[in-house]
Each structure stands twice: as structure tokens, then as C-alpha cells.
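Participant: Quick one: the structure is below, and I'll ask about it shortly.
The values are calculated or read from the model by the stated rules, or taken from the named source; none is laboratory data. All values derive from a computational prediction rather than experimental measurement. A quick note on method: Cβ atoms are made from the backbone with ideal geometry, for glycine too, and the neighbour counts reach across all protein chains shown. To get the accessible areas, we keep the full protein, side chains included, count just its heavy atoms, and leave off ligands, DNA and RNA. Shrake-Rupley method; radii C 1.70, N 1.55, O 1.52, S 1.80 Å.
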Amino acid sequence: QFPLLESGGGSVQPGGSLRLSCDVPGTIWSICTMAWYRQVPEAEREWIATMPETLGEIPPEYAASVKGRFAMSADNAKRMVYLQMNDLQPEDTAVYYCHAANCRYGMGPYWGQGTQVTVSA
């Protein structure tokens, strides 16, 4: 099962931007820590950003590889989390996954099916 639904991937030139979206079911929203990961073939899934809570009171944390270029945000009304990716580089090419973990009530963790991001000239 993949209860999280990512969208917004695509192809972009180096220096370009994309915004990924993750649709989160109401049963998961506000009880899990949301995060973004990415994965390239034959490599482990790489953590890139975590949002401890969706009210914006605690700032997200970022991996060094994306800090200053990527920004994670949330829309509580729509139950969506986003990953704004700026100044994309070829090394950012990967499948990007939305992740919900550290959930209350013993639920989760949850993944989406991923969305492909390709950065090339």
C-alpha cells in the first residue's frame, strides 16, 4: 500500500526549479512526521528533508546536499506537503518519495510510490 501520493516530478535543465507535492490522507495528517527522500538506481534511499510538525512552528531540517536550495512546506487546509526545489543540478536526478513516520497510535510508517525528477541539459 502507498497511501501517500506524490506529484510534480518531471524533466528540467540545470538551474531550473520544480515543486513536488504530496497528498496526505486525513488519517495520517498531523499524527506523523513528514519527510522527503530520494533514490537513484542501485543506491540506498537518501533522506533530504524532514518537517517535524505541519504548523510551521518548528522549522524543517535538510540534508547538506540540498540545504539552501530546497524548501519543505505544508498546507494544513489541503493536507499537502511540498518540496520546492531550486537550482536543480544533474546530481539531483532521482525518484523522490514522500514519507510519514514517527506516527502516534502505532501507525505507519508510510511511503508514496515516488515521482521521477530528471535534471539534464
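Participant: Could you please find all residues in region 80-93 being closer than 16 Å to Cys22 by Cα and either open to solvent by less than 20 Å² (accessible area, probe 1.4 Å) or under 10 Å from the mean Cα position of the chain (by Cα) (or both)?
Facilitator: If the condition is that a residue be closer than 16 Å to Cys22 by Cα and either open to solvent by less than 20 Å² (accessible area, probe 1.4 Å) or under 10 Å from the mean Cα position of the chain (by Cα) (or both), then Val81, Tyr82, Leu83, Gln84, Met85 are the ones that fit.
Participant: Quick one: Glu42 ticks every box in (1) surrounded by 16 or more Cβ atoms within 10 Å (Cβ to Cβ); (2) acidic (Asp, Glu); (3) out of contact with any strand residue (DSSP E or B) (no Cβ under 7 Å at 6 or more places or on another chain) except a single one, so which number is it?
Facilitator: (1)
Participant: Still on this structure: Those residues that are out of contact with any Gly (no Cβ under 8 Å at 6 or more places or on another chain) and either assigned to a strand (DSSP E or B) or open to solvent by less than 40 Å² (accessible area, probe 1.4 Å) (or both), I need them from region 26-39; list them, please.
Facilitator: Listed by number, the residues that qualify are Trp29, Ile31, Thr33, Met34, Ala35, Trp36, Tyr37, Arg38.
Participant: Against the definition (of a type outside the set (Val, Ile, Thr), open to solvent by less than 70 Å² (accessible area, probe 1.4 Å) and more than 15 Å from Ser17 (Cβ to Cβ)), how does Ser73 come out, yes or no?
Facilitator: Working: of a type outside the set (Val, Ile, Thr): yes; open to solvent by less than 70 Å² (accessible area, probe 1.4 Å): yes; more than 15 Å from Ser17 (Cβ to Cβ): no.
No; evaluated as a whole, the condition is false for this residue.
Participant: Suppose we filter Met80, Met85, Met72 for residues that are touching a residue at least 60 places away in the same chain (Cβ under 8 Å) and of a type outside the set (Ser, Thr, Tyr); which single one remains?
Facilitator: Met85
Participant: I'd like the full set of residues that are more than 13 Å from the chain's Cα centre (by Cα) and either free of Cβ contacts under 8 Å to residues at least 24 places away in the same chain or open to solvent by 60 Å² or more (accessible area, probe 1.4 Å) (or both), limited to region 94-119.
Facilitator: Asn102, Arg104, Tyr105, Gly106, Met107, Pro109
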